[in-house]
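S.K.: Before I ask anything, here is the structure I am working with.
What follows draws every value from the coordinates through simple rules; no lab data is involved. What you see is a predicted model, and the numbers here were worked out from it, not measured in a lab. Glycine also receives a Cβ, built like all others from the backbone with ideal geometry; neighbour counts cover every protein chain displayed.
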Amino acid sequence: MRCLVNPLKDKLARGEPVVGTFVSLPSPPFVQILAGCGFDFLIVDCEHGPISIETAQAMITATAVSSCVPLARVPWNLPWLAKPLLDAGALGIVTPLVRSPEDARTAVAACRYPPAGERGWGPFYAPSRWGLDAFAYTSQANDAVLTVLLIEHVDAVRAIDAIAAIPGIDVALIAPYDLSSSLGKPGAFEDPEFLAAVAEAERGIRAAGIVLGGLAATPERARALLAAGYRFLCLAYDVLLIETAIRRLLAELR
């Protein structure tokens with residue numbers, strides 16, 4: 001029987017860093033280009049992007065041109081939102097605004113078939129995306145699907161040890177924009193209160209042996225996170241990457 005392999009999980013298990021980005025533009029051809037550029041993963045952003053489930057399925061399929069792993073961010077921590085994205089072939093779910101161990105438990109269960117979780121059976125498209133039949137896929141999906149939690153609220157920082165103790169979390173990604181906003185200091189990334197919150201989240205995630213994830217808008221920031229032990233890096237998001245490249249190009253021409 002052919003195996004369902006998630007290259008991200010394999011790399012992370014070997015201690016290797018992985019690099020990807022969020023894709024909010026509802027465009028399968030754009031995903032195909034990004035996947036061909038060499039990203040380890042792409043996150044189809046159904047939280048902030050104007051992406052329908054039909055487009056999300058096509059974007060997930062577009063990663064098949066390379067070894068890039070398709071993940072998807074759900075709009076909210078509800079199992080019925082994760083289910084169709086997994087059934088479309090995503091090999092991981094990114095869950096926003098996890099604030100408690102109960103939230104973490106819900107997110108983990110949404111990514112797993114019973115008895116380990118609560119994912120409903122109906123993989124009509126995921127098996128063909130990965131070259132398997134339905135029962136081969138379902139027998140291996142629990143081990144292959146990556147569960148990523150976003151730590152982006154002060155409540156999550158306060159409960160980080162209890163959250164990180166929930167079994168089945170692969171990656172905890174500290175998201176600075178929402179975290180700083182929850183502190184009442186949006187964008188104040190050098191503020192002592194924000195830095196203390198990040199340090200506390202890092203401590204709890206590391207202590208639990210969960211992969212530490214972060215967001216980097218520049219190569220310099222990415223290198224700093226890698227040096228600090230982060231191994232799951234999101235290089236900003238697609239719109240910012242495009243804007244930065246175009247503005248730099250125009251500035252050089254003018």
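S.K.: For the chain, would you read off the P(r) tail past 31 Å as a percentage of all alpha carbon pairs?
M.R.: Considering the chain, 21 percent of its Cα-Cα pairs are separated by more than 31 Å.
S.K.: If you don't mind, there's one more thing I want to ask. For the stretch 174-190, just list the computed ³J(HN,Hα) in residue order, Karplus coefficients 6.51, -1.76 and 1.60, θ = phi - 60°, integers in Hz, with x standing in for Gly and Pro.
M.R.: Values per residue, Gly and Pro as x: 7, 9, x, 5, 5, 5, 5, 5, 5, 8, x, 9, x, x, 8, 6, 9 Hz.
S.K.: In nm, to one decimal, how far is the Arg158 label point from the Asp133 one, both placed 7 Å along Cα→Cβ?
M.R.: Calculated label separation equals 5.3 nm.
S.K.: If the only charges are +1 at each Lys and Arg Cβ and -1 at each Asp and Glu Cβ, what is the size of the charge dipole of the chain around the Cα centre, to the nearest 20 debye?
M.R.: So the magnitude is around 440 debye.
S.K.: Go ahead and run the numbers for FRET between Val19 and Glu200, Cβ-Cβ distance against an R0 of 45 Å, rounding to 0.05.
M.R.: After rounding to 0.05, the efficiency reads 0.95.
S.K.: Under 19 Å from a label point 7 Å along Cα→Cβ of Ala224: give me every residue in the stretch 188-213 with its amide N that close.
M.R.: Counting backbone N atoms under 19 Å from the label point, the list is 188-203, 212-213.
S.K.: In whole Hz and in residue order, list the ³J(HN,Hα) couplings for the stretch 139-151 that follow from phi through the Karplus curve 6.51 cos²θ - 1.76 cosθ + 1.60, θ = phi - 60°; x for Gly and Pro.
M.R.: Going residue by residue, I get 6, 10, 5, 4, 7, 8, 6, 8, 10, 10, 9, 8, 9 Hz, with x marking Gly and Pro.
S.K.: Taking the simple approach of a point 7 Å from Cα along Cα-to-Cβ for both Ala217 and Ala64, what is their distance in nm?
M.R.: The modelled label-to-label distance comes out at 3.7 nm.
S.K.: Can you list residues whose amide H is under 5 Å from Val44's amide H, if they're 5+ apart or on another chain and H is modeled 1.01 Å from N?
M.R.: The list, which skips near neighbours in sequence, is Val23, Leu71, Ala72, Arg73.
S.K.: Now for a different question. Considering amide H positions built from the backbone, and no H for Pro or chain starts, which residues 5 or more places from Gly229, or on another chain, come under 5 Å of its amide H?
M.R.: none
S.K.: Next up: With θ set to phi - 60° and the Karplus curve 6.51 cos²θ - 1.76 cosθ + 1.60, what are the ³J(HN,Hα) couplings of the stretch 120-136 in order, to the nearest whole Hz, using x for Gly and Pro?
M.R.: These are the phi-based 3J(HN,Hα) values: x, 7, x, x, 7, 10, 4, x, 5, 4, 10, x, 10, 8, 4, 6, 5 Hz.
S.K.: Sum -39500 (n - 2.57) across every DSSP H segment of at least 4 residues in the chain, then divide by the residue count to get the 222 nm mean residue ellipticity, nearest 500. It would help to have the intermediate numbers written out before the result.
M.R.: On the way: 13 runs with 119 residues, N = 254.
The helix contribution divided over the chain gives -13500 deg cm²/dmol.
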